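Below is one structure, written out as structure tokens; the observations come after it.
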6 protein chains.
Amino acid sequence: MYSVCVRDHFMIAHSFTGDVFGPAQRLHGATYVVDAEFRRPALDADGIVVDIGRAAEALRAVLAVINYRNLDEVSAFKGRNTTTEFLARAIFEGMVGAIERGELGPSAGAVESLRVTLHESHVAWAAFEGPVQPPPSPFSV
Amino acid sequence: MYSVCVRDHFMIAHSFTGDVFGPAQRLHGATYVVDAEFRRPALDADGIVVDIGRAAEALRAVLAVINYRNLDEVSAFKGRNTTTEFLARAIFEGMVGAIERGELGPSAGAVESLRVTLHESHVAWAAFEGPVQPPPSPFSV
Amino acid sequence: MYSVCVRDHFMIAHSFTGDVFGPAQRLHGATYVVDAEFRRPALDADGIVVDIGRAAEALRAVLAVINYRNLDEVSAFKGRNTTTEFLARAIFEGMVGAIERGELGPSAGAVESLRVTLHESHVAWAAFEGPVQPPPSPFSV
Amino acid sequence: MYSVCVRDHFMIAHSFTGDVFGPAQRLHGATYVVDAEFRRPALDADGIVVDIGRAAEALRAVLAVINYRNLDEVSAFKGRNTTTEFLARAIFEGMVGAIERGELGPSAGAVESLRVTLHESHVAWAAFEGPVQPPPSPFSV
Amino acid sequence: MYSVCVRDHFMIAHSFTGDVFGPAQRLHGATYVVDAEFRRPALDADGIVVDIGRAAEALRAVLAVINYRNLDEVSAFKGRNTTTEFLARAIFEGMVGAIERGELGPSAGAVESLRVTLHESHVAWAAFEGPVQPPPSPFSV
Amino acid sequence: MYSVCVRDHFMIAHSFTGDVFGPAQRLHGATYVVDAEFRRPALDADGIVVDIGRAAEALRAVLAVINYRNLDEVSAFKGRNTTTEFLARAIFEGMVGAIERGELGPSAGAVESLRVTLHESHVAWAAFEGPVQPPPSPFSV
């Protein structure tokens with residue numbers, strides 16, 4: 001299995017609900033350094049997993065929606081704790097959408113799985129990984 | 001699959017038995033920077049894999065048993081080479097025990113697998129990963 | 001010149017005032033990984049620059065005042081942009097105070113200078129460094 | 001599953017063919033920091049996955065073939081884009097060959113899989129992982 | 001003294017002349033991860049050393065001139081060994097020029113010194129640091 | 001001022017004397033990742049600060065004397081606490097000796113200062129820096 005990974009980051013404010021979070025129930029924030037790893041079993045005709053430039057642009061576009069935001073006020077996250085692991089899943093979904101819309105180029109349609117890792121400090125990180133559903137065939141009914 | 005990982009470290013002395021170890025047969029030592037990665041397929045009601053504060057405390061407690069020790073004199077390791085990969089397994093077992101005793105909280109019972117990585121220098125690391133057996137149900141006979 | 005450095009981190013929310021900040025004028029946040037480097041020209045009788053355990057505790061105590069806070073609501077920072085470089089200076093002052101109050105032990109009084117570095121992401125950091133004024137002699141008039 | 005990983009690096013020139021590569025179609029170069037991770041389900045009698053010294057030497061030998069080279073002039077890569085993911089596979093094959101020739105010692109024959117990761121910058125890396133075929137038994141017909 | 005530092009990278013091919021370089025006399029290449037650290041004794045009215053966004057853009061522009069190039073064919077470097085330390089100086093000069101042309105904004109004129117560090121691998125780096133000459137006053141004769 | 005830095009590591013056992021060290025009074029150990037940074041104001045005729053290959057070899061030779069040792073039994077350190085900062089100074093002296101004996105080549109005689117940093121974990125490091133005395137002129141009386 002081949003992998004290609006690109007890195008970027010975003011900076012947000014948020015607060016958590018639940019005793020388990022202790023002082024993190026207060027409004028605070030985080031820098032998340034994000035790794036998006038794309039996996040497929042064979043390279044395309046150019047010898048790549050995915051166009052690294054387009055992958056980096058797509059990741060930047062997904063992060064731009066939440067970058068420099070207070071996540072407590074983002075309607076899509078209403079009623080949810082935007083924990084590191086939750087955000088890893090949200091960014092995973094955003095990247096899968098970008099692949100399905102063809103934003104990473106046609107060969108990215110062969111990407112089988114994706115792992116999104118968010119580093120929240122030098123001592124903690126979280127990740128979500130899962131399969132990337134192939135886009136529907138243009139001939140499917 | 002979701003992951004959450006916490007990092008800590010410990011510093012020990014030890015020696016190895018066997019020609020394969022060359023100069024490491026002499027009494028020497030190491031700093032091990034430890035990553036403990038917890039994995040489960042779904043988040044709990046709070047939106048987390050495991051309480052990161054309790055995970056860090058549990059890791060610290062497991063490492064405290066061997067931190068600042070000469071492992072050649074730790075009876076549990078008698079007759080064993082305490083290689084990086086061997087220690088990764090030992091710490092894995094310690095963390096599984098902590099999960100089973102409920103020290104990471106009730107939701108940690110849903111953790112399916114664990115990966116423990118020990119970085120011994122900037123050019124070498126070792127790891128052990130495996131499933132975490134679910135604790136016996138209080139209603140099982 | 002000898003140096004000893006300890007690392008910790010804190011996580012805050014804040015916003016900036018001024019066109020130069022672009023989208024960072026919105027309420028957002030950051031993780032700051034903090035390095036505090038203590039310098040002195042000679043070691044003490046124990047062979048150290050400063051007690052590393054007490055240095056780490058003092059840094060943790062200084063960071064605790066602002067950790068998990070919205071800095072826009074911290075009265076000490078009223079009317080100031082809490083940029084990374086500004087915060088580096090604020091933490092520098094906090095550490096100098098800890099040294100002067102003897103919280104790092106008597107030998108820390110020989111620390112001549114201090115450098116505080118805040119890493120805000122994998123691609124940006126800021127620092128403040130300066131001399132540490134010696135505490136007044138108990139015999140000075 | 002146990003893992004042991006060793007790190008080294010190499011520095012090469014190359015160019016790519018294909019519009020997708022943009023300015024990287026020009027002759028340029030890269031430093032690749034290489035991680036080779038060996039995996040097996042049980043430790044050998046010495047308590048190791050593989051002799052870390054021999055693993056490091058074998059990796060160095062594999063990299064020496066291409067280190068300080070213009071890959072456009074390496075005949076084995078003729079007509080191929082020597083992308084990071086392509087090179088990860090090439091180094092994987094080189095390491096499997098070294099295992100099969102016994103260069104990592106007899107116990108390395110129990111290594112089940114291998115992951116080779118090439119870091120090309122602080123924001124991008126690629127990897128190839130796969131099973132390591134066991135060497136044919138000397139008694140097989 | 002305050003510092004702000006931004007990071008970027010570039011990828012080039014080159015060769016060296018001189019027996020001291022051994023195999024690096026052959027055409028090879030490198031990824032250089034570049035840190036540009038700006039220093040000044042006081043913050044400007046916005047509370048910053050330099051506009052971090054403009055600093056990152058200026059660094060990118062300086063690196064773009066040599067990125068994805070064979071430095072053996074860059075006329076400005078004719079007859080010179082483009083070693084890591086030499087390139088650190090060249091990028092230093094490029095950044096000083098950008099400051100003097102006002103590309104980092106008016107407040108960057110107060111930057112007193114600059115340090116440019118190039119990481120060529122996980123085990124080697126080089127740097128150049130020096131004063132930044134203030135731009136001539138518009139009223140000087 | 002130009003700098004070139006090379007990195008290596010060593011692994012030792014030791015214990016400390018003094019209440020300030022707490023549990024580190026017990027026999028334990030450490031991995032030290034070592035950075036040796038050489039500084040001079042101008043490059044030599046080849047365009048380098050120092051031959052990086054010879055610098056790396058010299059560092060390796062200095063570290064070999066203490067690598068895989070119990071420092072409590074090294075006579076040169078008798079009665080001293082081999083703290084990280086103390087060892088940084090010892091390695092500094094070793095490297096200055098190597099420069100003076102010409103082991104880094106003739107152009108290394110122009111190195112003005114040296115900084116040796118020892119990383120003992122992901123959260124602590126120490127350093128020693130100082131001038132490098134020029135070797136006596138062959139014509140001095």
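The values are calculated or read from the model by the stated rules, or taken from the named source; none is laboratory data. These numbers come from a predicted model, not from an experiment. No Cβ is skipped: glycine too gets one built from the backbone with ideal geometry, and neighbour counts run over all protein chains shown. Ligands, DNA and RNA are stripped out before the accessible areas are found, and what is left, the full protein with its side chains, is counted by its heavy atoms. Shrake-Rupley method; radii C 1.70, N 1.55, O 1.52, S 1.80 Å.
Table for the structure above
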{"item": "In Å², nearest 10: area of B:H119 left accessible to a 1.4 Å probe", "result": "50 Å²"}
{"item": "Cα-based radius of gyration of the protein assembly as shown once divided by 2.2 N^0.38 Å, which approximates compact folds", "result": "0.94"}
{"item": "Charge tally in the Cβ shell below 12 Å around C:F77, where Lys, Arg are +1 and Asp, Glu are -1, C:F77 excluded", "result": "+2"}
{"item": "Value at 222 nm in deg cm²/dmol, rounded to 500, when DSSP H runs of n ≥ 4 in chain C each add -39,500 (n - 2.57)", "result": "-7000 deg cm²/dmol"}
{"item": "Residues of the range A:11-26 buried by at least 40 Å² on assembly (accessible area, 1.4 Å probe, chain alone as reference)", "result": "A:M11, A:V20, A:R26"}
{"item": "Rounded Å value of the spacing that divides the Cα centres of the range A:1-22 and the range B:87-120", "result": "22 Å"}
{"item": "For the pair A and C, total buried accessible area rounded to nearest 100 Å², probe 1.4 Å", "result": "1900 Å²"}
{"item": "From phi via Karplus (6.51, -1.76, 1.60), per-residue ³J(HN,Hα) for the range B:105-118 in Hz, x at Gly/Pro", "result": "x, x, 6, 5, x, 8, 5, 8, 8, 9, 10, 10, 10, 10"}
{"item": "For the range D:1-127: accessible area per residue (Å², 1.4 Å)", "result": "37 Å²"}
{"item": "Within the range E:51-141, chymotrypsin sites (Phe, Trp or Tyr not before Pro) in DSSP loop having at most 11 other beta-carbon neighbours inside 10 Å", "result": "E:F139"}
{"item": "At 0.692 mPa s and 37 °C, Stokes diffusion of chain E via Kirkwood alpha-carbon radius, µm² per second", "result": "205 µm²/s"}
{"item": "The range E:54-141, relative contact order in percent, only Cα pairs under 8 angstrom and at least six apart counted", "result": "28 percent"}
{"item": "Most fluctuating residue given options E:V74, E:V123, E:V111, as computed from a GNM of chain E linking Cα atoms under 10 Å", "result": "E:V123"}
{"item": "The range C:1-49: relative contact order in percent, alpha carbon pairs under 8 Å with at least 6 residues between", "result": "48 percent"}
{"item": "Highest-fluctuation residue, D:A45, D:A36, D:A64 considered, GNM on chain D with Cα pairs under 10 Å", "result": "D:A45"}
{"item": "Amide hydrogen neighbours beyond the local backbone of A:V132, cut-off 5 Å, H modeled", "result": "A:S113, A:L114"}
{"item": "With every protein chain in place, the range E:1-85: carbon and sulfur % of accessible area (1.4 Å)", "result": "49 percent"}
{"item": "10 Å Cβ neighbours from other chains, averaged over peptide A:79-86", "result": "5"}
{"item": "Net charge of Cβ neighbours under 15 Å - reference C:P106; Lys, Arg +1; Asp, Glu -1", "result": "-3"}
{"item": "Cβ-defined net charge surrounding E:R39, 11 Å radius [Lys, Arg +1; Asp, Glu -1]", "result": "-3"}
